[in-house]
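The values are calculated or read from the model by the stated rules, or taken from the named source; none is laboratory data. Source: prediction; values computed, not measured. Don't worry about glycine lacking a Cβ; one is built from the backbone with ideal geometry, like all the others, and counts go over all protein chains shown.
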Amino acid sequence: MRVVVSVNGRFHGFDLAAQLYKRGHLDRLITSYPKYKVKEWGIPSEYIVSFLSVEIMKRAWARSNRFLSNSWDATHWMQSYFDRKASGNIQDDTDIFTGWSSSSLLSIKIAKAKGILTVLERGSTHIEYQRDILVEEYERYGQSIPRLPTQSVVERELEEYQLSDYISMPSQFARNTFLNRGFSADKLIVVPYGVDLSNFCQLPKKDNTFRLIFAGGMSLRKGVHYLLQAFAELDLSGA
């Protein structure tokens, strides 16, 4: 079995590719990261296709004042550009194409034309659900809404959902947002994200203090305010 992994960035794509390589199933990893960085995951350079120019553009745009934001949909353009570059690296003898959502539409079309099974990686909820719940949350607290996926990005991803053979996501919660929009359960794959236990492990408890740890951005998007509210309302002693 030969698998192509196409990820605009890193996410868990490098971990997936590394495990496929160890098992002799990686055809190639297509990414916007430089080869020297990808090799840290134990993937030989001959298995890596790098479009570093995309990563440079993404990071430059993120640091800019986005003065063109009203006249140029940069995110959609860069996703489409990466997809076009990646689509040229799908061989006829590939068995499975796995691509990240919003950056895989053309690649999926080409893979399907070659009779290749396609899997779309969606690391969150259905994009329309994600957009709507963010708007609702920011409006509830009277905050300005941050940049959301543009309509062109949403439409691109919706087409990816329809064309791909399977959609992979990390939780049952995410899966439900697809089921509620009429997707067949047979098309939806739930693969919870793993953890490297050499980096994260449980340590013996040495006191009676009850501790909570939050890891994530301090934003309405991450819901930390609900954690703080719950902690305050519980009023736990020794916490």
Of the residues in the stretch 10-36, those that are over 15 Å from Glu121 (Cβ atoms) and either free of Cβ contacts under 8 Å to residues at least 12 places away in the same chain or β-branched (Val, Ile, Thr) (or both) number 3
Worksheet item: Looking at Ile96, is it farther than 24 Å from Phe178 by Cα, surrounded by 19 or more Cβ atoms within 10 Å (Cβ to Cβ), in contact with a Leu (Cβ under 8 Å, 6 or more places away or on another chain) and at pLDDT 95 or above?
Response: no
Condition set out of contact with any Lys or Arg (no Cβ under 7 Å at 6 or more places or on another chain) and assigned to a helix (DSSP H, G or I), scope the stretch 158-171, selection surrounded by the fewest Cβ atoms within 10 Å (Cβ to Cβ): answer is Gln162
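So that you can scan it fast, the table gives a plain yes or no per residue for (1) of a type in the set (A, V, I, L, M, F, W, C); (2) in contact with a His (Cβ under 7 Å, 6 or more places away or on another chain); (3) buried (at least 16 other Cβ atoms within 10 Å of the Cβ):
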{"position": "Thr150", "(1), (2), (3)": "no, yes, no"}
{"position": "Phe173", "(1), (2), (3)": "yes, no, no"}
{"position": "Leu179", "(1), (2), (3)": "yes, no, no"}
{"position": "Ser184", "(1), (2), (3)": "no, no, no"}
Within the stretch 12-31, the count of residues that are aliphatic (A, V, I, L, M) and surrounded by fewer than 22 Cβ atoms within 10 Å (Cβ to Cβ) comes to 2
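One line per residue, one yes/no per condition, for (1) free of Cβ contacts under 8 Å to residues at least 24 places away in the same chain; (2) basic (Lys, Arg); (3) at positive phi:
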residue: Arg156; (1), (2), (3): no, yes, no
residue: Lys222; (1), (2), (3): yes, yes, no
residue: Leu227; (1), (2), (3): yes, no, no
residue: Ala230; (1), (2), (3): yes, no, no
Legend entry - Residue within the stretch 78-93 that is touching a Lys or Arg at 6+ places or on another chain (Cβ under 9 Å), under 30 Å from Gly223 (Cα atoms) and of a type in the set (D, E, K, R) present: no
How many residues of the stretch 113-127 are within 15 Å of the chain's Cα centre (by Cα), surrounded by fewer than 19 Cβ atoms within 10 Å (Cβ to Cβ) and not small (Gly, Ala, Ser)? The answer is 0
With the first residue restricted to the stretch 110-137 and required to be more than 17 Å from Ser171 (Cβ to Cβ), and the second required to be of a type in the set (Gly, Ala, Ser) and in a helix (DSSP H, G or I), Cβ contacts under 7 Å at 6 or more apart or on different chains are Ile110/Ser87; Thr118/Ala111
Of Asp186, Asp196, the only residue that is outside any helix (DSSP H, G or I) and charged (D, E, K, R) is Asp196
